[in-house]
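Read the structure below first, then the notes.
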Amino acid sequence: MAELLNVEHVRRTFPRGGGEELLVLDDVNLTLKEGEIVGLLGRSGSGKSTLLRLVAGLSQPQGGSLSYMGAPIQGPVQGVAMVFQSFALFPWMTVLENVQLGLEALNLPTKEMRERALAAIDLIGLDGYESAYPRELSGGMRQRVGFARAVVVHPNILLMDEPFSALDVLTAENLRTDLVELWGNGKLPIKGIILVTHNIEEAVLMCDRVLLFSSNPGRVSSEIKIDLPQPRDRTSPQFEDYVDKIYVEMTARRVERMRQAQTQGNAGIELPLHHVSPNQVSGLIEALAAAPYDGKADLPDIAYEQELEVDELFPVAEAMQLLRLAEVEGGDIKLTHMGKRFADAEMNERKEIFSRALMNHVPLAAHIRKVLDERASHSAPKTRFLDELEDHMAEDAAEETLKTVVSWARFGELFSYDDDAALFSLENPT
Amino acid sequence: MKILPPVSIEARRLLPSRWDVLAAILVLGFIVAFADASRFLVRPLSSITGHDLFLDPWDLPGYALRTGLRMLIAMGVSLAFTFTYATWAAKNPRAGSLLVPLLDILQSVPILSFLSVTIVWFLSLSPGRVFGAELACVFTIFCGQAWNMAFSFYQSLRTVPPELEEAGRMFGLNSWARFWRIEAPFAAPPLIWNMMMSMSGGWFFVTLSEAISVGKTNIALPGVGSWIAVAIAQKNLSAIFEAILAMLVVILVYDQLLFRPLVAWADRFRIDNEHSEDQPESWALDVYRRSKLLDIMTAPFEQMMRWSYYWHPPSFGLRAATREVDSRVADILWYVLLGLLGLYGAFRIYGFADGNLQWADLGTAVGLGFLTLIRVMVLIAIASLIWTPIGIYVGLRPRLTQIVQPVAQFLAAFPANILFPLAVSAIVIFDLNPDVWLSPLMVLGTQWYILFNVIAGASNMPKELRDAAENFGVHGWLWWKRVALPAVFPYYVTGAITASGGSWNASIVAEVASWGTRTLHAHGLGAYIADAVSAGDFRRVVLGTAVMSFFVVVVNRILWRPLYWYAERKFRLT
């Protein structure tokens, strides 16, 4: 089969303050063949969307090469159309005008433009909405306009950047099945699709191949081929096997990396923390402790049960792992002894457990506490720790890490922080 | 935060309501009353100056300080006015129905005419002393700021989320406490933005009102404005450059020490939970926050405020019971009072016009009004053609925006009249036609509003929309027509409204300008008013003022307001 797109060893960095560079994509390879839907799966910050923008020619890589139908991509490519997460419809244009925009740029005769636009509107199920403005439409209908606008230019490659993530569950499912059906019937004037998502089930439902992305920097960590006929049944055991397999792949890698970071290095404060609120941790612990899980659950199950997406579940699970309140192993999550005690405890005892976990397992929290204890004033400016963190990680990661540790320490009453004065201290406001 | 234009855009109706007419009569009646009073107060020759002005650079910092202080006092008075007037208008529907149209009319009155009719009255308060002139000067700046600020505050008060209000009631906060703890904080960010804009306009008026001659009364208060007046009379270019420098420093100091900290501080009151990308920062605010001295100084006030919250008026329950009957009686009294006021105003206006003015005078003024209207419109159009594309270009480039945006805001604050002498001297030297070449001075200071609003619009354009346009190969004219211009349109309208309002005000000083002994005249309503002021001819001052207000109100109603709502409806990105 003909190769539509070929991405080889692509590297993308963004400049940041102080002449440093942030590496977002590192050595990424990807091919798209005719008739394929390829999914890019990973959590936010793994560079999936950056890769998509490179493919669309909206930005240029610092290294490696991208080619579309054999020709290198140097700018926006005619034949590559994009569907956006936020729909990106022009609010001052009607549905018809929005759909026609891409055709106007091609400078087609008015009559042909109109016919093609109406055909696309018809195909995507927007009949009767031609003269409506985007603000009059529901989210689902808006994204249909986004699809119609992309399809109308008859692109060879359709790029979809988390197209369903801004929609409610039912609408998203409805749109997914419609799209898969149109694709299966060969009604779409499209040769290949790249779908960016952080929803594992969505990837398994729609894609022929799924590339798993790891973050910081974004890399393709593995590739999974989904060998199931369309239309796929979410409840079939094979489908669930694929979902499980992806979960295991994604968690194993992350837990491994976290363990490494925790055990090696000097004080261990260089471990970046992702923002998770103590309430989320408590919530997941309670859910895990209750029936039917009784302390142990399959990650996909509990994600589904708690209506959490990968992006939301993984950071919480990681935080629990870090605090030793739970163990994540091969797609399962299991409460530790402390985790179970936490679940049974009253608020004050919970705070105590949390505080102890912070002191024992989060080097940064222990470090801040120690500095505050040692100082006569029992206070220290934020910059004292921010500068220290920035020796080990990027500026915004340092900010997020500090923000996370503050929110945890507040819950555990380990120390307090005054945002106005940007000051850490031991005293609690009276 | 959504930036509102500094005119009333609230009502969407085109035709004036009864309230508008009443408001117009009251404002005009007020001006007439002042003008009448002033006629009898004018004494044969009075010249008031603090001391004689010499263009000694060592005096300049002191002058700049005085100019800055007047500004600060006027800002304080304007704030007090805003908190009372706007709150009254928002809380009491009966009062609001008159107070809001009144603001709308007051906004349209050219401030420099206001000054000329009030100054003699203020001087009569403390005959022969500088104090009266200082009051008149502060009052002028007040008039340039208070209406806009009151409008902004009124609009915010009307949009306080009901659940916040209800929460306040449930916790038993009295209306005084609710005002300071809920309503004022909610309205703070837009009010502070508006204060900044008003202050921008204020520098223009402060420098003008420091040195003014009404008839035979000459006033020169020590300040940058008087310095410039003397420099113009002496044709001293280097003194003018010194004044420009002094003004730059004053504005910079205000910006850094007052407004940056205020904006950064007020960021906490933003109600949208959305984490703003770049939180405003201010080094001065950090200093204030860390200062113990400031804490000690403000502590008593904070304590007083806290005590005041606990205070409850004793007869609370009683009032609720009698409110029904109360309001009907009060309604009648209120309407009767307003009717009488309106009649009295109309009577005064009639009495003023009857003996003094002919229909021909009105014809002249209206004719000249059209000339000035054409000037304003043409110049706004030219400024738009120049600054819109530049603003879009700049706004789409974040790095460039960071440099250009503060400069544009700064230029808008800079009192353009300080630059007039440079232009006028050039017109004199090259012997150019003043009817054409004086006109650009009207937009010299106001065009920047268009630029920085367009920049704000372009930089607010969502990245995905820009990506979409690029992805679908939208380029060239198609891109400007379908993407860029529509995206900045609502912002442009806000800028253009501000610029247009400022230009009408500036016409009074721009259509007549002098350099040494040469005075250049353009034909227009601004020149008509300026001439009447310097001749001390109050009847023409009043007529010119009324006609200009009328033009401003009508242009707002039939052009800017519909355009604003059209832009809001169709082009606003939500």
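The values are calculated or read from the model by the stated rules, or taken from the named source; none is laboratory data. This one's a predicted model, so the numbers in the text were calculated from it and none came from an experiment. No Cβ is skipped: glycine too gets one built from the backbone with ideal geometry, and neighbour counts run over all protein chains shown.
At-a-glance table
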read-out	value
Filter result (among the hydrophobic types (A, V, I, L, M, F, W, C), within 23 Å of residue B:434 (Cβ to Cβ) and surrounded by fewer than 23 Cβ atoms within 10 Å (Cβ to Cβ)) within the range B:521-546	B:535
Answer from A:108, A:103 - the residue that is in contact with a helix residue (DSSP H, G or I) (Cβ under 8 Å, 6 or more places away or on another chain) and without any contact (Cβ under 8 Å) to a residue 12 or more places away in the chain	A:108
Test result for residue B:484, more than 14 Å from chain A (Cβ to nearest Cβ), buried (at least 21 other Cβ atoms within 10 Å of the Cβ) and among the small types (Gly, Ala, Ser)	no
Condition broken by residue A:95, with the remaining ones in (1) closer than 18 Å to residue B:463 by Cα; (2) more than 14 Å from chain B (Cβ to nearest Cβ); (3) of a type in the set (A, V, I, L, M, F, W, C) satisfied	(1)
Residues within the range A:379-430 that are hydroxyl-bearing (Ser, Thr, Tyr) and in contact with a His (Cβ under 7 Å, 6 or more places away or on another chain), tallied	2
Candidates A:71, A:119 - the one that is closer than 24 Å to residue A:7 by Cβ, without any contact (Cβ under 8 Å) to a residue 40 or more places away in the chain and more than 9 Å from chain B (Cβ to nearest Cβ)	A:71
Residue list for the range A:105-114, filter: within 38 Å of the chain's Cα centre (by Cα) and more than 14 Å from chain B (Cβ to nearest Cβ)	A:114
Single residue of the range A:74-87 satisfying the filter (more than 7 Å from chain B (Cβ to nearest Cβ) and small (Gly, Ala, Ser)) that is nearest to residue A:152 (Cα to Cα)	A:79
Residue in the range A:157-173 that is assigned to a helix (DSSP H, G or I) and polar (S, T, N, Q) present	yes
Among the residues listed as B:567, B:532, B:527, B:546, the single one being assigned to a helix (DSSP H, G or I), within 14 Å of chain A (Cβ to nearest Cβ) and hydrophobic (A, V, I, L, M, F, W, C)	B:567
Any hit, the range A:1-20, residues being closer than 29 Å to residue A:186 by Cβ and in a loop (DSSP other than H, G, I, E, B)	yes
Any hit, the range B:497-506, residues being in contact with a Leu (Cβ under 8 Å, 6 or more places away or on another chain) and either within 14 Å of chain A (Cβ to nearest Cβ) or surrounded by fewer than 21 Cβ atoms within 10 Å (Cβ to Cβ) (or both)	no
Some residue of the range A:155-164 being β-branched (Val, Ile, Thr), away from chain B (no Cβ under 13 Å) and crowded, with 20+ Cβ neighbours inside 10 Å	no
Flag if residue B:443 is touching a residue at least 60 places away in the same chain (Cβ under 8 Å) and under 17 Å from the mean Cα position of the chain (by Cα)	yes
Subset of the range B:465-479 (residues that are more than 7 Å from chain A (Cβ to nearest Cβ) and surrounded by 20 or more Cβ atoms within 10 Å (Cβ to Cβ))	B:469
Subset of the range A:393-406 (residues that are of a type outside the set (Asp, Glu) and surrounded by fewer than 16 Cβ atoms within 10 Å (Cβ to Cβ))	A:403
Listing of helices (runs of 4 or more DSSP H) fully contained in the range A:333-384 that carry 2 or more residues being in contact (Cβ under 8 Å) with a residue 60 or more places away in the chain and not small (Gly, Ala, Ser)	A:347-361, A:363-374
Residue count, the range A:50-66 (criterion: crowded, with 17+ Cβ neighbours inside 10 Å and in contact (Cβ under 8 Å) with a residue 40 or more places away in the chain)	9
Failed item in (1) more than 13 Å from chain B (Cβ to nearest Cβ); (2) out of contact with any Asp or Glu (no Cβ under 8 Å at 6 or more places or on another chain); (3) buried (at least 17 other Cβ atoms within 10 Å of the Cβ), with residue A:37 passing the rest	(2)
Members of the range B:112-128 found to be surrounded by fewer than 24 Cβ atoms within 10 Å (Cβ to Cβ) and either without any contact (Cβ under 8 Å) to a residue 12 or more places away in the chain or in contact with a Gly (Cβ under 8 Å, 6 or more places away or on another chain) (or both), listed by number	B:122, B:124, B:125, B:126, B:127
Pick from the range A:319-355, criterion under 28 Å from the mean Cα position of the chain (by Cα) and farther than 21 Å from residue A:246 by Cα, ranking: surrounded by the fewest Cβ atoms within 10 Å (Cβ to Cβ)	A:324
Selected residue (only one of A:188, A:195 is at pLDDT 90 or above and either in a strand (DSSP E or B) or not assigned by TED's automatic domain parsing to the domain that holds residue A:309 (or both))	A:195
Test: residue in the range B:392-408 that is within 27 Å of the chain's Cα centre (by Cα), over 22 Å from residue B:524 (Cβ atoms), hydroxyl-bearing (Ser, Thr, Tyr) and in a helix (DSSP H, G or I)	yes
Residue ID - nearest to residue B:105 (Cα to Cα), chosen from residues in the range B:453-502 that are outside any helix (DSSP H, G or I) and not hydrophobic (A, V, I, L, M, F, W, C)	B:460
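Here is a yes/no grid of residues against (1) surrounded by 19 or more Cβ atoms within 10 Å (Cβ to Cβ); (2) among the small types (Gly, Ala, Ser):
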| site | (1), (2) |
| --- | --- |
| A:68 | yes, no |
| A:83 | yes, no |
| A:90 | yes, no |
| A:97 | no, no |
| A:105 | yes, yes |
